[in-house]
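The structure follows.
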Amino acid sequence: MNISPIAPFIKWAGGKRQLLPQISARLPENYHTYYEPFVGGGAVLFALCPERAVINDINGSLVNLYRQIKLSPEAIIDAVEQLDGEAETDRKVFYYAKRAAYNEKMMKGEYDVELAALFLYINKHCFNGLYRVNEKGLFNVPFNNSKAKSCSPENIREVSEYLQNVTIYREILRSPAGMQSRGILCSLTVPMRR
């Protein structure tokens, strides 16, 4: 039995929130595993909340965020709330400083709670929730002047509870393991390219 829908915790380019009624109308009634190889913001995943799910994305920061929310939701909430509190004085200067800190951690491959909190913060406060990197792999989206909080603690806790039974991968999609069996619902919404 599926649990109630959960709001996605992050905005992502190519998100499917507006298409959920059309997508839902075309889904099979029965399947034993939901597989989403390009999870992004997870709009379909969180709308369906299937009992068995496998998610994947090639974006290491995004996968780290999912994993950290799954394993350490309170640490994520605390870190993001601290960032929001510190940003009150000069939000634009603060954003660019945190974007630089995020890029430094990315270049070092430090996939941890701090990186996840920075990722969530800059996603909420960058232009249109866009994730874009330059040729050096550095996040380069400008500030959007948002005064909104970076996350809802209740939403993060709901997402964490749901993710306890979700398998999370970071792989380049070649041939999804186990996809040959019947009863798998695979959401193949291809990532957007320039």
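The values are calculated or read from the model by the stated rules, or taken from the named source; none is laboratory data. Note that this is a predicted model, so its numbers are computed, not measured. Cβ atoms come from the backbone with ideal geometry, glycine included; neighbour counts cover every protein chain shown. Heavy atoms of the whole protein, side chains included, go into the accessibility calculation; ligands, DNA and RNA do not. Shrake-Rupley method; radii C 1.70, N 1.55, O 1.52, S 1.80 Å.
Pick out the one residue from Asn145, Asn140 that is touching a helix residue (DSSP H, G or I) at 6+ places or on another chain (Cβ under 9 Å), modelled with pLDDT of 95 or more, open to solvent by 40 Å² or more (accessible area, probe 1.4 Å) and of a type in the set (S, T, N, Q).
Asn140 is the lone residue from the list that is touching a helix residue (DSSP H, G or I) at 6+ places or on another chain (Cβ under 9 Å), modelled with pLDDT of 95 or more, open to solvent by 40 Å² or more (accessible area, probe 1.4 Å) and of a type in the set (S, T, N, Q).
Right, here's the next one. Please enumerate the residues belonging to the range 75-84 that are open to solvent by 50 Å² or more (accessible area, probe 1.4 Å) and without any contact (Cβ under 8 Å) to a residue 40 or more places away in the chain.
Asp78, Gln82, listed by residue number.
Shifting gears a bit: Of everything in the range 23-49, what is in contact with a strand residue (DSSP E or B) (Cβ under 6 Å, 6 or more places away or on another chain) and either within 17 Å of Ser160 (Cβ to Cβ) or among the polar types (S, T, N, Q) (or both)? Give them in sequence order.
Thr33, Val39, Leu45
Hey, another quick one. Return the residues of the range 25-45 that are part of a helix (DSSP H, G or I), of a type in the set (Gly, Ala, Ser) and in contact with a Leu (Cβ under 8 Å, 6 or more places away or on another chain); say none if nothing qualifies.
Ala43
Okay, moving on. For the range 148-169, give me each residue that is in a loop (DSSP other than H, G, I, E, B), surrounded by 18 or more Cβ atoms within 10 Å (Cβ to Cβ) and of a type in the set (Ser, Thr, Tyr).
Ser150
Another question about this same structure. Pairs under 6 Å by beta carbon, first residue over 23 Å from Ile77 (Cβ atoms) in the range 1-25, partner at pLDDT 85 or above and in a loop (DSSP other than H, G, I, E, B), six or more apart or different chains?
Listed pairs, sorted by first residue: Asn2/Cys49; Asn2/Pro50; Ala13/Leu130.
Which residues, taken from the range 85-138, are free of Cβ contacts under 8 Å to residues at least 40 places away in the same chain, of a type in the set (D, E, K, R), part of a helix (DSSP H, G or I) and farther than 20 Å from Asn64 by Cβ?
Answer for the range 85-138, where residues must be free of Cβ contacts under 8 Å to residues at least 40 places away in the same chain, of a type in the set (D, E, K, R), part of a helix (DSSP H, G or I) and farther than 20 Å from Asn64 by Cβ: just Glu86.
Considering only the range 47-56, I want to know if a residue exists there that is at positive phi and either surrounded by fewer than 21 Cβ atoms within 10 Å (Cβ to Cβ) or not in a strand (DSSP E or B) (or both).
Looking for residues that are at positive phi and either surrounded by fewer than 21 Cβ atoms within 10 Å (Cβ to Cβ) or not in a strand (DSSP E or B) (or both), one finds at least one in the range 47-56, hence yes.
Scan the range 26-46 for residues that are open to solvent by less than 50 Å² (accessible area, probe 1.4 Å), without any contact (Cβ under 8 Å) to a residue 60 or more places away in the chain and over 26 Å from Pro153 (Cα atoms) and jot them down.
none
For Phe119, indicate whether it is crowded, with 22+ Cβ neighbours inside 10 Å and under 17 Å from the mean Cα position of the chain (by Cα).
yes
Go through the residues of the range 138-145 one by one and say whether even a single one is more than 16 Å from Ile168 (Cβ to Cβ), touching a His at 6+ places or on another chain (Cβ under 6 Å) and of a type in the set (Phe, Trp, Tyr).
No, every residue in the range 138-145 fails to be more than 16 Å from Ile168 (Cβ to Cβ), touching a His at 6+ places or on another chain (Cβ under 6 Å) and of a type in the set (Phe, Trp, Tyr).
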